[in-house]
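**Student:** Would you mind keeping the following structure in view while I ask a few things?
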């Protein structure tokens, strides 16, 4: 249960960006971890140090120009992402304005390398999003969706997102990870709507 001590004192973050994935070296560079890669890239760009804290996540907050950018990667497994996101929302002062929360995640319903930004909506069977909804009691937060393509069948879904990625496809994912980090920076400067229109109309 949240206590007063959990809540942000002072100015809230302009954006809290949470990159989903699974902890551990065996999942690094997998399709399921592209969200975490985006946050790690943003941390590298802006000098953030993602360190473990009480919120089940590695997190830090940095200044980007005049903006406050909070970055976090849950240390839970994907299916328990909400255990990290709910306390992070309190910690960075966005729980009363979840439009400031951006969850970056892999998306089976998009082709490899496609990037889409949206606010709210369905969960598309994503267990990380399902956990976040269960803890926040809403889906009214932003999602930056990175296409990883569909598996050959539903039975191959877990293997598709967890196994290492073929080299040619990995090159495409590396590009879209960069583009997703660019999109987060654009949200700070240009706002959600302008960034969504630009990202979603990209060829």
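The values are calculated or read from the model by the stated rules, or taken from the named source; none is laboratory data. These numbers come from a predicted model, not from an experiment. Glycine also receives a Cβ, built like all others from the backbone with ideal geometry; neighbour counts cover every protein chain displayed.
**Student:** Out of everything in region 68-102 that is under 13 Å from the mean Cα position of the chain (by Cα) and within 16 Å of residue 130 (Cα to Cα), what residue ends up being modelled with the lowest pLDDT?
**Tutor:** Among those that are under 13 Å from the mean Cα position of the chain (by Cα) and within 16 Å of residue 130 (Cα to Cα), it is 78.
**Student:** Sticking with this one: Pairs, please: C-beta under 7 Å, at least 6 apart or cross-chain, first residue at pLDDT 90 or above and in region 161-173, second surrounded by 14 or more Cβ atoms within 10 Å (Cβ to Cβ) and not in a loop (DSSP other than H, G, I, E, B)?
**Tutor:** Note: pairs meeting the criteria are 173/34.
**Student:** A follow-up question, please. So which of 110, 144, 136, 115 ends up being modelled with pLDDT of 95 or more and more than 19 Å from residue 85 (Cα to Cα)? Break it down stepwise before answering.
**Tutor:** On the way: 110 fails: modelled with pLDDT of 95 or more; 144 fails: more than 19 Å from residue 85 (Cα to Cα); 136 fails: more than 19 Å from residue 85 (Cα to Cα).
Just one listed residue meets the conditions, 115.
**Student:** Sticking with this structure for a sec: As an exercise: evaluate residue 49 against (1) at positive phi; (2) loosely packed, with under 13 Cβ neighbours inside 10 Å; (3) in contact with a helix residue (DSSP H, G or I) (Cβ under 8 Å, 6 or more places away or on another chain) and give the number of the one condition it does not meet.
**Tutor:** It fails just one condition, (1).
**Student:** Between 40, 26, 44, which is at pLDDT 95 or above, surrounded by fewer than 18 Cβ atoms within 10 Å (Cβ to Cβ), in a helix (DSSP H, G or I) and out of contact with any helix residue (DSSP H, G or I) (no Cβ under 6 Å at 6 or more places or on another chain)?
**Tutor:** 44
**Student:** Out of (1) modelled with pLDDT of 95 or more; (2) more than 26 Å from residue 114 (Cα to Cα), the odd one out for residue 34 is which?
**Tutor:** All conditions pass for residue 34, except number (2).
**Student:** Another question, if that's okay. Output the residue which, of all residues in region 123-141 that are within 14 Å of the chain's Cα centre (by Cα) and within 17 Å of residue 73 (Cβ to Cβ), is surrounded by the most Cβ atoms within 10 Å (Cβ to Cβ).
**Tutor:** Ranking the candidates gives 132 first.
**Student:** Tell me, which residue of region 47-65 that is touching a residue at least 24 places away in the same chain (Cβ under 8 Å) and closer than 18 Å to residue 182 by Cβ is nearest to the chain's Cα centre (by Cα)?
**Tutor:** 64
**Student:** For residues in region 6-23 being assigned to a loop (DSSP other than H, G, I, E, B) and touching a strand residue (DSSP E or B) at 6+ places or on another chain (Cβ under 9 Å), which is farthest from residue 176 (Cα to Cα)?
**Tutor:** Checked region 6-23; the qualifying residue farthest from residue 176 (Cα to Cα) is 11.
**Student:** When you look at residue 64, is it modelled with pLDDT of 95 or more, surrounded by fewer than 21 Cβ atoms within 10 Å (Cβ to Cβ) and within 30 Å of residue 201 (Cα to Cα), yes or no?
**Tutor:** yes
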